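Below: one structure, written as structure tokens.
The values are calculated or read from the model by the stated rules, or taken from the named source; none is laboratory data. The model shown is predicted, which means the values in this text are computed figures rather than measured ones. Positions of Cβ are generated from backbone atoms using ideal geometry, with glycine treated the same way; all protein chains shown enter the neighbour counts.
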Amino acid sequence: MVVLKGAAVSAVIREQVSEMLTDLGGQVPKLAIVRVGEKPDDMSYERGAIKKMENFGLRVQSYVYPEEISDEAFKAEFAKINEDPDVTGILLLRPLPKQICEKDIEQMIDPEKDLDGISPVNIAKVFAGDSTGFAPCTAEAVIEVLKANQIPIEGKRVTIVGRSMVVGKPLSMLMVKENATVTICHTRTKDLKGTCRNAEILVAAAGRAKMLNQEYVGQDAVVIDVGINVDENGKLCGDVDYDSIQELASMATPVPGGVGAVTTAVLAKHLVQAAQRRLQR
Ligand code: NAP
């Protein structure tokens, strides 16, 4: 089984970003990371994103608010960032605490700065196959992994386990755009094992540690593991039981070191695209 490492894909995207930066006439785009509270998952993602932006030669600033900030106060702060001409793009770490209406923020965020595709405008574009918007970075990262490794998507049977708005649903649309034949699975899917085994490309985005073992993987399938979980020993792991599929899968992404590293690279690419689009306007 070939291991599809995220670092190699990230390096390909870094080259693309460097080229795109030369067209910006010395302007260095700035990412605003917006975090409410001190959740370890958010802070870990934030650290990874900061490191990636710095590594790609981009500016980044964190905007951190207390967990108990009111809906009104947060919206006022968010509006300032949204309107700040020095901020090229925004990454909002979610879910937000429940006193803040996330739906309102999705409506509020400037679609041109919405690098992680949470605005209804960007979601509509993903579903319409219109590439002038921003898809959620994780969904796009899966496509980048396949393309950077020259894995054909067109005409392939693709099964995605998970139907969230962050991964499963937008990814299914990106796959359709690439002319794949897509099946989406979820907790009500009847023959999950059989449906997964039938896939030529299997994408795991269920958020269930090591759930997909050898019974779910067809011979020579390409397996992309989006899951980020903690196993019974407190170690980071994916949705795929990696060791059990070695003899079956032709290729697979590891966790850690797979899709996660590519997600922040896609975020960087979106940031530079946002700057390019602003310049064109
Ligand atoms: P989510 O919102 O919890 O959605 C999980 C989806 O998986 C749901 O559609 C759920 O079905 C389905 N599912 C859960 N258990 C299942 C089972 N036993 N059988 C079949 N389907 C099942 O999760 P998410 O936000 O999409 O994230 C998924 C995973 O990706 C998580 O591990 C998360 O940490 C990870 N993630 C990684 C990145 C990255 O950069 N690599 C980014 C975002 C998320 P129902 O709809 O029926 O409930």
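Counting the residues of segment 208-240 that are surrounded by fewer than 19 Cβ atoms within 10 Å (Cβ to Cβ), within 14 Å of the ligand (Cβ to nearest atom) and of a type in the set (Asp, Glu) gives 2.
For Gly194, the conditions (1) surrounded by 18 or more Cβ atoms within 10 Å (Cβ to Cβ); (2) not in a loop (DSSP other than H, G, I, E, B) are fulfilled apart from (1).
Every residue in segment 197-207 that is among the small types (Gly, Ala, Ser) and buried (at least 18 other Cβ atoms within 10 Å of the Cβ), please. The answer is Ala199, Ala204, Ala205, Ala206. Check whether at least one residue in segment 241-250 is buried (at least 20 other Cβ atoms within 10 Å of the Cβ), touching a residue at least 40 places away in the same chain (Cβ under 8 Å), assigned to a loop (DSSP other than H, G, I, E, B) and within 12 Å of the ligand (Cβ to nearest atom), and report yes or no. There is no residue in segment 241-250 that is buried (at least 20 other Cβ atoms within 10 Å of the Cβ), touching a residue at least 40 places away in the same chain (Cβ under 8 Å), assigned to a loop (DSSP other than H, G, I, E, B) and within 12 Å of the ligand (Cβ to nearest atom).
So Glu112 fits all but one of (1) surrounded by fewer than 13 Cβ atoms within 10 Å (Cβ to Cβ); (2) touching a residue at least 12 places away in the same chain (Cβ under 8 Å); what number is the exception? All conditions are met except number (1).
Residues that are within 16 Å of the ligand (Cβ to nearest atom), within 29 Å of Gly194 (Cα to Cα) and out of contact with any helix residue (DSSP H, G or I) (no Cβ under 8 Å at 6 or more places or on another chain): does segment 145-166 have at least one?
Keep residues of segment 145-166 that are within 16 Å of the ligand (Cβ to nearest atom), which gives 145-146, 148, 158-166.
Filter once more, so that each one left must be within 29 Å of Gly194 (Cα to Cα): 145-146, 148, 158-166.
Filter once more, keeping what is out of contact with any helix residue (DSSP H, G or I) (no Cβ under 8 Å at 6 or more places or on another chain): 146, 164.
The answer is yes, given that some residue of segment 145-166 is within 16 Å of the ligand (Cβ to nearest atom), within 29 Å of Gly194 (Cα to Cα) and out of contact with any helix residue (DSSP H, G or I) (no Cβ under 8 Å at 6 or more places or on another chain).
Sub-6 Å Cβ pairs linking a first residue in segment 172-201 that is under 13 Å from Ile224 (Cβ atoms) to a second residue that is surrounded by 19 or more Cβ atoms within 10 Å (Cβ to Cβ) and of a type in the set (Phe, Trp, Tyr), at least 6 apart or interchain, are Cys196/Tyr216, ordered by first then second residue.
Counting the residues of segment 68-93 that are surrounded by 16 or more Cβ atoms within 10 Å (Cβ to Cβ), part of a loop (DSSP other than H, G, I, E, B) and free of Cβ contacts under 8 Å to residues at least 40 places away in the same chain gives 1. Looking at segment 5-26, can you tell me whether even one residue there is under 17 Å from Ala265 (Cβ atoms), modelled with pLDDT of 95 or more, surrounded by 13 or more Cβ atoms within 10 Å (Cβ to Cβ) and of a type in the set (S, T, N, Q)? The answer is yes; a qualifying residue exists. Selection within segment 173-191: residues that are within 11 Å of the ligand (Cβ to nearest atom) and outside any loop (DSSP other than H, G, I, E, B). The member of this set that is nearest to Pro136 (Cα to Cα) is Ile184.
Condition first: in a loop (DSSP other than H, G, I, E, B), hydroxyl-bearing (Ser, Thr, Tyr), under 19 Å from the mean Cα position of the chain (by Cα) and farther than 23 Å from Gln219 by Cβ. Can you find one or more residues in segment 137-158 that meet it? For segment 137-158, residues in a loop (DSSP other than H, G, I, E, B), hydroxyl-bearing (Ser, Thr, Tyr), under 19 Å from the mean Cα position of the chain (by Cα) and farther than 23 Å from Gln219 by Cβ: absent.
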